[in-house]
Amino acid sequence: MASLALSATVHCLSQPLAAGSGKVADRRNGCCYLGISSMFSRKVNSSTSNTTRESTVTNVASPQRPLIVPLPEKEKVVGDHNHRRNHVAWTSVQQERWEGELFVEGEIPLWLSGTYLRNGPGLWHIGDYNFRHLFDGYATLVRLRFENGRLMAGHRQIESEAYKAAKKNSKLCYREFSEVPKFDSFLSYVGDLAKLFSGASLTDNANTGVIKLGDGRVVCLTETQKGSIVIDPDTLDTLGKFEYSDSLGGLIHSAHPIVTETEFLTLLPDLIKPGYLVVKMEPGTNERKVIGRVDCRGGPSPGWVHSFPVTEHYVVVPEMSLRYCAQNLLKAEPTPLYKFNWHPDSKAFVHIMCKASGQIVASVEVPLFVTFHFINAYEEKDEEGRVTAIVADCCEHNADTSILDKLRLQNLRSFNGQDVLPDARVGRFTIPLDGSPFGELDAALEPDEHGRGMDMCSINPAYLGKKYRYAYACGAQRPCNFPNTLTKIDLVEKKAKNWYDEGAVPSEPFFVARPGAKEEDDGVVISMISEKNGDGYALLLDGSTFEEIARAKFPYGLPYGLHGCWVPTK
């Protein structure tokens with residue numbers, strides 16, 4: 001074993017670990033720890049927050065003393081000034097990139113073969129300046145690669161123009177979600193406003209989502225159209241801009257398009273003549289084509305469309321009373337609602353468009369609502385197979401816009417045990433297709449089932465646009481200031497199962513179905529957990545029982561992330 005240890009190759013920041021190499025890389029306090037995988041598994045007792053269980057530990061290091069290699073000086077830990085004081089979920093990532101194999105406690109199913117990618121704002125400072133809002137941070141892409149029961153991990157900053165310029169100049173250079181560059185003079189500010197109207201001063205910081213297109217390309221996204229960046233899912237290299245080849249123009253789009261192997265659909269808000277273009281893009285192309293247009297029925301501008309759902313035959317276009325605000329966009333300091341304004345008098349609406357024809361088949365008024373994320377939608381049919389209504393579910397914040405302000409980093413970092421997270425529910429829209437002018441909005445199950453917290457959702461992708469039973473999301477164990485549980489929602493039994501680790505902040509639970517599965521919940525749920533002690537780990541839950549089956553500790557805690565995608569092994 002000693003000779004093996006001496007001959008082991010240290011895989012530092014830019015060197016990926018080969019599959020099956022048997023090496024385990026770990027870093028603590030700026031050092032690289034290298035061990036050799038054991039040739040066997042051993043039984044240990046492992047305690048979770050609720051139970052003590054016996055589990056199998058695979059890929060564990062042998063008793064061999066690990067090699068210790070300091071990180072290069074330029075890669076020493078850097079972070080915001082309050083890194084040690086704050087929960088690791090809300091602190092900047094400790095270094096620009098890292099990769100290695102993780103110790104796995106438990107057993108990863110052998111059928112789980114592929115790469116989970118998670119995108120999110122992982123760097124909340126530049127130079128001496130600290131950003132103010134969760135959505136402002138520069139994008140950090142995290143990779144979990146599963147192969148033969150083993151787990152290789154890594155993370156890397158996405159090299160957007162905004163990130164590279166900030167790094168080069170040690171200051172903010174583009175307009176982020178709530179941040180505006182500081183200008184040396186009034187003329188500089190006027191010049192920036194001119195660039196704003198062309199989109200040149202808007203960020204391309206693709207820190208929101210990551211998708212795999214039907215042709216295999218992987219793209220990171222945010223709400224600015226220029227913030228569409230192609231990455232390599234294996235190396236996490238930034239490959240370049242995703243340039244749309246059409247002439248549709250516009251500055252923004254939905255951060256969450258609908259993507260399948262054969263379909264790409266998204267919404268382009270029209271800020272001049274308030275409305276939305278519904279567009280599609282064929283696999284292998286960069287050209288969007290218009291399916292149809294929806295004109296807004298109220299307010300001075302379109303409602304925010306961070307996401308939207310579809311059914312098999314229809315696109316659901318929400319028109320929320322939280323509407324884009326050009327005046328707020330022009331301001332040098334953030335307003336309470338940032339780039340938006342609340343217009344309850346303008347009412348709220350849901351429009352249903354036929355995918356094939358682009359015709360609007362329903363446009364109804366609904367109760368006021370606030371949502372970032374839709375979960376799914378499907379068609380209700382009568383006994384003769386005719387569609388009578390559209391049902392659309394979302395993570396709904398009880399029409400309370402204060403959730404945006406609660407996501408300021410100061411609020412997230414200052415939790416003192418008080419219950420300050422605004423209530424949320426699974427909001428269920430029922431949109432009749434019989435010409436009725438009104439639709440319904442109710443809770444799909446009792447919100448106390450999931451602690452009156454609800455966001456960051458996923459489903460079995462085979463049920464996209466179809467009648468479904470299960471959803472996976474983040475709920476709440478109160479008191480809290482942010483969703484802190486992983487929750488499995490049963491929309492038939494109207495029950496929820498909740499996973500909770502005291503003091504931990506879990507990221508979006510992402511469902512991966514088992515190949516050949518017959519049951520909707522036959523698969524695993526992947527999440528990344530930031531712990532209160534500064535550590536973190538990757539977590540796998542059984543999609544059916546919602547019990548933990550494996551976890552793997554990161555070399556250091558990673559900041560909170562947003563949305564992910566699955567790239568199966570070719």
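Structure data summary
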quantity	calculated
Nearest-10 value in Å² for the accessible area of M528, using the 1.4 Å probe	10
Potential lengthening between S198 and N533 on full extension [0.36 nm per residue; Cα-Cα distance subtracted]	116.1 nm
FRET E, pair E383, E502, Förster distance 60 Å, beta-carbon r, rounded to 0.05	0.75
Filter on K226/K355; K355/K466; K226/K273 - keep pairs with C-alpha separation over 19 Å	K226/K355; K226/K273
Segment 256-411, accessible area per residue, ligands and nucleic acids excluded (1.4 Å, Å²)	39
Stretch gain in nm, segment A517-S402, where the contour uses 0.36 nm per residue and the Cα spacing is subtracted	37.3 nm
Whole-percent carbon and sulfur share, accessible surface of segment 471-518, 1.4 Å	50
Percentage of interatomic Cα-Cα distances in segment 391-489 larger than 23 Å	33
Amide H contacts of G453 (H built 1.01 Å from N, under 5 Å, at least 5 apart or other chain)	A424, A476
Sequence of D204, D442, D246 from largest to smallest accessible area, 1.4 Å probe	D442, D246, D204
Anchor K553: aspartates and glutamates whose Cα lies under 12 Å away (excluding residues fewer than 8 positions away in-chain)	D26, E101, E105, E531, D535
Simple Cβ-charge dipole of segment 365-504, Lys/Arg +1 and Asp/Glu -1, about Cα centre, in debye nearest 20	540
Solvent-accessible area, 1.4 Å probe, carbon plus sulfur percent, for segment 256-331	53
Coil-residue trypsin sites (Lys or Arg not before Pro) of segment 351-443, DSSP, other Cβ within 10 Å capped at 14	R386
Percent of C-alpha pairs per 10 Å bin, segment 316-436, short to long	11, 34, 30, 16, 7, 1
Residues D232 and T285, FRET efficiency given R0 of 22 Å [Cβ-Cβ distance, rounded to 0.05]	0.60
Pairwise centroid distance, computed over Cα atoms, of segment 463-513 with segment 341-384, Å	24
Distance (nanometres) between label positions extended 7 Å along Cα→Cβ at T262 and E243	3.1
Residue order for D136, D419, D490, D542 - accessible surface, 1.4 angstrom probe, largest first	D419, D542, D490, D136
Listed residue pairs exceeding 32 Å between alpha carbons, taken from K280/K495; K331/K497; K164/K212; K381/K518	K280/K495; K331/K497
Accessible area of D393 in the full protein assembly, 1.4 Å probe (Å², nearest 10)	0
Alpha-carbon radius of gyration plus Dmax, which is the widest Cα pair, for segment 413-570 in Å	16.8, 58
Relative contact order [Cα under 8 Å, 6+ residues apart], segment 520-570, whole percent	31
Charge dipole of segment 209-321 about the Cα centre (unit charges at C-beta), most positive-ward option of L267, I231, P302	P302
Potential extension, K347-K164 segment - 0.36 nm per residue separation minus Cα distance	61.7 nm
S436 versus K494: modelled label distance in nm, points set 7 Å from Cα along the beta carbon direction	1.8
Cα convex hull of segment 193-243, projected area averaged across orientations, nm²	3.8
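The values are calculated or read from the model by the stated rules, or taken from the named source; none is laboratory data. Values in this document were obtained by computation on a predicted structure and should not be read as measured data. Every residue, glycine as well, gets a Cβ built from its backbone with ideal geometry; the counts of neighbours run over all protein chains shown. Accessible surface areas use protein heavy atoms only, side chains included; no ligands, DNA or RNA. Shrake-Rupley method; radii C 1.70, N 1.55, O 1.52, S 1.80 Å.
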